[in-house]
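Q: I have a structure here, written as structure tokens, and I will follow up with some questions on it.
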Amino acid sequence: MLAVINWFYILIIDTVGSLDDKIENNNKIIEQLDNFLDLKFKEIYMQALESGLKINLNDIVDLKTGKKDANAAQEKGKYPFFTCSEKDSTINDYSFDQEAILIAGNGNMSVKYFKGKFDAYQRTYVINSSKYFYYLYLYYKNFIKDIAVGARGSVIKFLTKSMLLDIELPILNDIQMNNYESIIKKILDYELSLFNENKKLMILKENYLKKFF
């Protein structure tokens with residue numbers, strides 16, 4: 001009987017280990033895809049600088065902010081809650097159901113991409129655009145630290161709407177941009193599927209541990 005019990009727990013430990021391995025592998029793939037996107041962006045951005053074509057972000061961007069206080073976060077909530085903290089938060093209700101670029105307006109001033117239901121803190125910017133959405137996401141992701149530097153060369157404490165929108169964004173012609181947008185979208189969709197898979201695997205792992213240990 002003891003041998004059977006030992007075998008059973010070894011099986012559970014192996015299962016949990018397999019879940020950890022899958023999560024780690026997914027994270028490695030996400031990291032590799034992020035590196036590819038950054039390299040691709042730099043390539044396209046340099047070409048765009050040479051093209052001389054530009055578009056003002058005020059003409060294409062829809063920018064909103066969250067309405068929630070930071071303390072509205074709820075442990076193990078149903079939906080992501082984007083704040084200016086580096087720590088991931090959740091909440092049990094949502095105010096947004098869309099594809100969005102999320103920029104922390106203070107703190108570490110990070111840039112994230114998300115698609116689905118979520119909520120946001122008051123100083124988190126929720127951004128969509130009528131054109132070049134994915135290119136814009138990578139632009140903010142690569143240049144947010146530069147945007148956050150004030151005119152005197154010192155890092156400001158928080159981002160303002162004008163700082164994010166009063167920008168002449170270098171672009172290529174529509175055919176080139178649409179082709180590039182398609183590539184980025186496919187990669188981000190794949191990353192999001194891996195991210196969602198990891199969330200399910202983490203829940204499965206926690207359930208195993210609670211049930212058997």
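No value in this document is a laboratory result; all are computed from the given coordinates. Bear in mind that the values here come from a model prediction, so they are computed numbers and not experimental data. Reconstructed Cβ throughout: ideal geometry from the backbone, glycine too, with neighbour counts over all protein chains shown.
Q: Report, in listed order, any pair from LYS67/LYS117; LYS145/LYS199; LYS76/LYS115; LYS131/LYS199; LYS68/LYS200 with a Cα-Cα distance greater than 21 Å. Don't skip to the answer; put the middle values down first.
A: On the way: LYS67/LYS117 15 Å; LYS145/LYS199 29 Å; LYS76/LYS115 19 Å; LYS131/LYS199 31 Å; LYS68/LYS200 26 Å.
Those over the limit are LYS145/LYS199; LYS131/LYS199; LYS68/LYS200.
Q: At a Förster distance of 22 Å, what's the computed FRET efficiency of ASP93 paired with SER130, Cβ-Cβ distance as r, to 0.05?
A: On the way: r = 28 Å, r/R0 = 1.28.
Calculated value: 0.20.
Q: Near the amide H of SER110, under 5 Å away, which other amide H atoms are found, from residues 5 or more places off or on another chain, if H is placed in the peptide plane?
A: Under 5 Å from the amide H of SER110 lie the amide H atoms of ALA104, each far enough along the sequence or on another chain.
Q: Follow-up. Give me P(r) over region 54-119, computed from all C-alpha to C-alpha distances, binned every 10 Å, as integer percentages.
A: 20, 52, 22, 6, 0
Q: With each pseudo-label sitting 7 Å past Cα toward Cβ, what's the LYS200-ASP166 distance in nm, one decimal?
A: Spacing of the two 7 Å Cα→Cβ label points: 4.7 nm.
Q: Give, in nm to one decimal, the length gained when the segment between SER193 and SER110 is fully stretched (0.36 nm per residue of separation minus the Cα-Cα distance). If you can, show how the numbers build up before the last one.
A: Values: separation 83, 0.36 × 83 = 29.88 nm, distance 2.13 nm.
Stretched fully, the SER193-SER110 segment lengthens by 27.8 nm.
Q: Please compute the length gained on full extension between ASN179 and LYS117, using 0.36 nm multiplied by the number of residues separating them and subtracting their Cα-Cα distance. All intermediate terms of the calculation are to be shown ahead of the outcome.
A: Values: separation 62, 0.36 × 62 = 22.32 nm, distance 2.75 nm.
Fully extending the segment from ASN179 to LYS117 adds 19.6 nm.
Q: Nearest 500 deg cm²/dmol is fine: what mean residue ellipticity at 222 nm does the chain get from its DSSP H runs of n ≥ 4 alone, each adding -39,500 (n - 2.57), divided by its residue count?
A: Computed mean residue ellipticity for the chain: -18500 deg cm²/dmol.
Q: Return the label of the correct value of volume of the Cα convex hull per residue in Å³, as calculated from the structure shown, out of [x] 125; [y] 150; [z] 137.
A: Here the calculated entry is [z].
Q: What aspartates and glutamates sit close enough to LYS141 to cross-link, taking a C-alpha to C-alpha distance under 14 Å and skipping anything fewer than 8 places away on the same chain?
A: Within reach: ASP34, ASP38.
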